[in-house]
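The values are calculated or read from the model by the stated rules, or taken from the named source; none is laboratory data. Since we're looking at a predicted model, the values are computed, not measured. Positions of Cβ are backbone-derived with ideal geometry, glycine not excepted, and every protein chain shown enters the neighbour counts. Please note that ligands, DNA and RNA were not included when accessible areas were found on the heavy atoms of the full protein model with its side chains. Shrake-Rupley method; radii C 1.70, N 1.55, O 1.52, S 1.80 Å.
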Amino acid sequence: MTSFGDLLGPPPTLLTGDDDAESELLNGADPAAVAAAHPTASIAWAHLAQDALESGATITAYAYARTGYHRGLDQLRRHGWKGFGAVPWSHEPNRGFLRCVAVLARAAQTIGENDEYVRCLDLLNDSDPAAAAELGLA
């Protein structure tokens, strides 16, 4: 049995991440500079989105999160994801994408876009039932 309990489903998708972007962020680089240098790195967009949301710039957070979400979808598809199946929170390189989905959910809820909020929560729960809780959305 897989860690997600679905014997018939696809194996969990494990992204490879962007070591350079992740290293730069860990070393305190400006997330905007990291996103500009590594535009496919969802983790950089996640940092930008979270910072914007925390500063009250909801629409900016929404835009950053949506960008990171779409960059993450591109990466997931390149790794064989077909639009469903596990994307485990426990696998560090998946966290940029999952964080973007969470910020997108929060920003959508703030602006009253409830359908988007529900879609994001569903995606998080489908990806990994623990992700929403880890991201404060449980």
(Q) Between region 37-108 and region 112-138, what is the separation of their alpha carbon centroids in Å? (A) 12
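Can you check what the net charge comes to around Thr58, using other residues whose Cβ is under 12 Å from the Cβ of Thr58 (Lys, Arg +1; Asp, Glu -1)?
-1
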Q) Does region 21-74 classify as rounded, prolate or oblate by the C-alpha gyration tensor (a ≥ b ≥ c root eigenvalues; a/c under 1.5 gives rounded; else a/b over b/c gives prolate, otherwise oblate)? A) oblate
Q) When the chain is modelled as a GNM with alpha-carbon springs shorter than 10 Å, which of Gly83, Gly28, Gly17 fluctuates the most? A) Gly28
**Q.** Counting all C-alpha pairs of region 34-127, share separated by more than 20 Å (%)
**A.** 29
Q: Using a 1.4 Å probe over the heavy atoms of the protein chains, calculate the carbon and sulfur portion of the accessible area of region 49-138 as a whole percent.
A: 48
Q: Given the options Ser42, Ser55, Ser90, state which has the largest fluctuation in a GNM of the chain using a 10 Å cut-off (strictly under) for Cα springs.
A: Ser55
Q) For the chain, modelled as a GNM with alpha-carbon contacts under 10 angstrom, which of Leu73, Leu124, Leu104 fluctuates the most? A) Leu73
Q) In the neighborhood of Ala29, defined by Cβ-to-Cβ distances under 12 Å, what is the net charge if each Lys or Arg adds +1 and each Asp or Glu adds -1? A) -4
